[in-house]
Amino acid sequence: MNVSIKHAYLGQATSLLFDLALKGKESRHRTRFIKLLTERSHEVEEQRKALAEEHAEKDSDGKPAVENEKYVIVDQQAFHDDYEELLNESFVIDGG
């Protein structure tokens, strides 16, 4: 069986599973599944940061410019488009 979840819905899926009242074997499987979703959520967040760095204005040292603890994004629309593409990708879990 394969499970496919768009990156945009990883948090909601995790919350839904977390709120289920399960016991025993089902609870253990849920815990493993939540762990997979959480790990992928962290990966997606790292990819979002990489996109922000890629689209950020660079300072004299070639590093992303930061203002108010946020990257200064040169082209907001291009960043938004790339981020939407990332969120629309699916996380496919193959469960044997």
- Exactly one of 10, 36, 20 is in a helix (DSSP H, G or I), on the phi < 0 side of the Ramachandran plot, hydrophobic (A, V, I, L, M, F, W, C) and touching a helix residue (DSSP H, G or I) at 6+ places or on another chain (Cβ under 7 Å), and that one is 10
- Task: Could you please let me know if residue 3 is free of Cβ contacts under 8 Å to residues at least 24 places away in the same chain and surrounded by 12 or more Cβ atoms within 10 Å (Cβ to Cβ)?
- Result: no
- Among the residues listed as 65, 50, the single one being modelled with pLDDT of 95 or more, among the aliphatic types (A, V, I, L, M) and more than 21 Å from residue 5 (Cα to Cα): 50
- Within the set of pairs 6+ apart or on separate chains, which have a first residue in segment 85-96 that is under 13 Å from residue 48 (Cα atoms), a second that is basic (Lys, Arg) and part of a helix (DSSP H, G or I), and C-beta atoms under 7 Å apart? 86/48
- Note on the structure: Only one of (1) free of Cβ contacts under 8 Å to residues at least 60 places away in the same chain; (2) surrounded by 11 or more Cβ atoms within 10 Å (Cβ to Cβ); (3) under 20 Å from the mean Cα position of the chain (by Cα) does not apply to residue 65, and that is (3)
- Message: Just checking, does segment 84-96 include any residue being of a type in the set (Phe, Trp, Tyr), within 12 Å of the chain's Cα centre (by Cα), within 30 Å of residue 1 (Cα to Cα) and part of a strand (DSSP E or B)?
- Response: yes
- Query: Hey, any hits in segment 70-93 for a residue that's closer than 21 Å to residue 15 by Cβ, loosely packed, with under 11 Cβ neighbours inside 10 Å and of a type in the set (A, V, I, L, M)?
  - Reply: yes
- So, in segment 7-37, of the ones that are surrounded by 14 or more Cβ atoms within 10 Å (Cβ to Cβ) and not aliphatic (A, V, I, L, M), which residue ends up nearest to residue 93 (Cα to Cα)? 33
- In segment 17-46, anything without any contact (Cβ under 8 Å) to a residue 40 or more places away in the chain and aromatic (Phe, Trp, Tyr) is listed as 18
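The values are calculated or read from the model by the stated rules, or taken from the named source; none is laboratory data. On a predicted model such as this, the values are computed, not experimentally measured, just so you know. Please note: Cβ atoms are built from the backbone with ideal geometry, for glycine as well, and neighbour counts cover all protein chains shown.
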